[in-house]
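Read the figures in this text as sums done on the coordinates, not as results from a lab. Just so you know, these numbers come straight off a predicted model, no measurement behind them. Ideal geometry is used to build each Cβ from the backbone, glycine not excepted, and the neighbour counts take in all protein chains shown.
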Amino acid sequence: MLTAADLVELHRKAFKPRERWTIGLEMEKMAVDARSGRPLPYDGAPASVRSVLVFLAAARPSEPLFEDSNLIALAGEWGTITLEPGGQVEWSSPPAQDLFTLERLLGEHIRILEQAAQTLGLRWLEVALQPDAPLSSMPWMPKRRYRIMREYFRSRGSLAHRMMTQTASIQVSLDYSDEADWREKFRAGFYLAPIAVAAFANSRRMEGRDTGYASFRSEIWRHTDDDRCGAPPFVFQEEFGFEEWVGWVLDVPAMFTSRNGVLEPAGGVPFRQLLEKGLRGSPVTLSDWELHLTEVFPETRAKTYVELRSADLPPDDRLMAVPAFWTGLLSEEGTRSEAIDLLGWGRGSRPRYIEWLEAMKEASKNGLAGRIAGRPVAELVRDAAGIARQGLARIEPAAVRTLDALGG
């Protein structure tokens, strides 16, 4: 029978020596019909989400994946393509040995997306929030996962459905060598989240108007579901480990489990209860836990790697700045500490949760024009980019140029 100790051990089994570290990237893209400007339906039109998947499947060797006869994903040596609830096309890269390799993979993916756009008559948005279409006009993809989530979130945050269908992000995954290395990368991902929000803020417009936020996508996450978003309180403690992370995730209500390859609602009970009592007479499995990890959405997430989730999707010419930013800041202890100290919490000190919340709100509201801990955010971003440059200069000098868009 699966235990909490088994779940903790999964993270320990993921330790990698530094020479085997890799970088992963997940990038979501939203498309609209080039003529009408409307979001793409799943099917039934020349420019549709399904037609995009068919085009991408023909562009390079791919294994198609179906749910109830609906094409919903592709997989290949180049990575995977999956669909987000509102038709966002998400590319997950294979693990890359370095930023140079990742840039090549990303460039190839963008090239094929542009070919799809020209062939099918669509346009890819280079923003992190659908800027024009009303929420009521958004399509929903034919995936059981999203039907369950849509219903579950009805009683949660007021902007949860907007998060699901109208936002686009870019996420970076980094390996860790041991528990201490994981802890410091995981902690730094939260502490530096306000700087990342401001640096890559790209979601000001919604439903044809200015929201008044540099990153309204970040604000949307604060009105999605307090049970599974934001920051676990333990990251503001001096010491924590895998046990605290697993304990926090166990207490998050589960939305679904998988039985015989079919997702079923879990009733919103904490996963800890499922672990102890099972679901409908059957014990939960490791697959259920791995599924549960995909339904928790803190700013930084831990699987068998550290996943950094705070950045808005930037324009194409700034995409590589996101993995370069996180790699340069987090790969070495010295750069991590120096960057955290920028925020004015004092050298070696830790912010309180309330201070972090205020910094996140300021970054999302005012972006580079804001102030955090008495300092202009534009200066913080510039200095953080400078520190990231120093880190990259030591581990991958050729990648330093990818941070040019951030200054520093």
| region 1-149, dipole about Cα centre (Lys/Arg Cβ +1, Asp/Glu Cβ -1), debye to the nearest 20 | 100 debye
| message | Under a Cβ-only charge scheme (Lys and Arg +1, Asp and Glu -1), can you give me the dipole magnitude of the chain about the Cα centre, in debye to the nearest 20? | response | 800 debye
| task | With a ≥ b ≥ c taken as the square roots of the eigenvalues of the C-alpha gyration tensor of region 59-133, please select rounded if a/c is under 1.5 and otherwise prolate if a/b is larger than b/c or oblate if it is not? | result | oblate
| Across region 328-334, in residue order, what do the Karplus-derived ³J(HN,Hα) couplings come to in whole Hz, using 6.51 cos²θ - 1.76 cosθ + 1.60 with θ = phi - 60° and x for Gly and Pro? | x, 7, 9, 6, 10, 4, x
| In percent, how large is the relative contact order of region 241-381, given Cα pairs closer than 8 Å and 6 or more residues apart? | 11 percent
| field | Options 198, 245, 75, ranked by Cα towards positive dipole end of the chain, top entry (Cβ charges) | value | 198
| request: Starting from the Cα of residue 16, draw a straight line to each of the aspartates and glutamates and keep only those under 18 Å, dropping any in the same chain fewer than 8 residues away. | output: 98, 175, 178, 179, 181, 184, 307, 332, 333
| note | Computed ³J(HN,Hα) along region 169-182: with the Karplus parameters 6.51/-1.76/1.60, θ = phi - 60°, integer Hz and x for glycine or proline, the list is 10, 9, 10, 10, 10, 10, 7, 9, 8, 7, 5, 5, 5, 4
| request: Search the structure for amide H atoms under 5 Å from the amide H of residue 343, placed 1.01 Å from N in the peptide plane, and list their residues when 5 or more places away or on another chain. | output: none
| note | Rounded to two decimals, the Debye log10 I(q)/I(0) of region 121-166 (Cα scatterers, no solvent) at q = 0.16, 0.18, 0.26 Å⁻¹ is -0.51, -0.63, -1.07
| field | Helix-derived mean residue ellipticity, 222 nm - over the chain, DSSP H n ≥ 4, -39500 (n - 2.57), to 500 | value | -12000 deg cm²/dmol
| field | Shape category assigned to the chain from the gyration tensor of Cα positions, a/c cut at 1.5 | value | rounded
| request: For the chain, set up a Gaussian network in which alpha carbons nearer than 10 Å are linked by springs, and say which option among 231, 302, 133 fluctuates the most. | output: 133
| query | Among 328, 268, 40, whose Cα lies farthest out toward the positive end of the dipole of the chain, if unit charges sit on the beta carbon of Lys, Arg (+1) and Asp, Glu (-1)? | reply | 40
| query | For the chain, modelled as a GNM with alpha-carbon contacts under 10 angstrom, which of 354, 112, 395 fluctuates the most? | reply | 354
| message | For a test of the definition: using alpha carbon positions, the gyration tensor, and the 1.5 limit on a/c, classify region 275-402 as rounded, prolate or oblate. | response | prolate
| note | Among 322, 197, 54, the residue with the largest mean-square fluctuation in a Gaussian network model of the chain built from Cα contacts under 10 Å is 54
| note | The relative contact order of the chain, taking Cα pairs under 8 Å that sit 6 or more residues apart, comes to a percentage of 19 percent
| query | Are any of the pairs 29/361; 143/365; 29/303; 185/277 more than 29 Å apart by Cα-Cα distance, and if so, which? | reply | 143/365; 185/277
